[in-house]
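Have a look at the structure below before the remarks.
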Amino acid sequence: MAKTEAAEKIVQFPKAERRSSSTERIWGSAVLSHRYTGIPSILIQGQQRLGVNALQMNILVQLLDYWREPERKPFPTKKQIAQRIGVTAKTIQNNARLLGEAGLVKREMRKTASGDWNSNVYHPNGLVERVQKMEADFAEARNKRRQAKQFAETPAGLRSKNDRG
């Protein structure tokens, strides 16, 4: 078979149109081209349950913004976080210590090759574990809401005896 015959038999399929994500539809591709950070809703909704105040939550969000790969924990300087939030580096240090005492973020102090102190590495493993443990409660609450909705939408005469109470 000649090359032209083989080329004639190749069928070109139309390229599938790329559908933008809901996040892209909300913020726009230009905004998202500068990266974005995924924050689980359970973390946001469970802030008080975690015992985290507004400043500490902001620090956690900043740390999560620096965390790109699971294996490579974030290591921003206190000054970088402080500038983003508009507080002093000492405020970041004190609140990072409190987050550590709460078991949410472990700070690992590092030194440079010349022996100078470098930025800390922050291990948010405790935060991840606590949010993962809270998921079961959130799932149970979601199921109860679904059941309540289904109960409310079912005519009284069609409800099972168990549902009638």
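Remarks
- Among the trypsin sites (Lys or Arg not before Pro) found in region 100-133, those both in a DSSP coil and sparsely packed, with 13 or fewer other Cβ atoms within 10 Å of their Cβ, are ARG110.
- Annotation for region 1-75 versus region 113-142: alpha-carbon center distance of 20 Å.
- Over region 39-134, the reciprocal of the mean inverse Cα-Cα separation, the Kirkwood hydrodynamic radius, stands at 13.7 Å.
- With contacts taken as Cα pairs under 8 Å at a separation of at least 6 residues, region 1-119 carries a relative contact order of 14 percent.
- Ellipticity at 222 nm from helices only: DSSP H runs of n ≥ 4 in the chain, each -39500 (n - 2.57), divided by the residue count, give -16000 deg cm²/dmol.
- One equal scatterer on each Cα of the chain, no solvent, Debye formula: the resulting log10 I(q)/I(0) at q = 0.13, 0.17, 0.19 Å⁻¹ is -0.81, -1.11, -1.25.
- Relative contact order for region 72-158, counting Cα pairs under 8 Å that sit 6 or more residues apart, in percent: 24
Throughout, read-outs are computed from the coordinates displayed, never taken from laboratory work. Keep in mind that this is a model prediction, so the values were computed, not measured. Cβ atoms come from the backbone with ideal geometry, glycine included; neighbour counts cover every protein chain shown.
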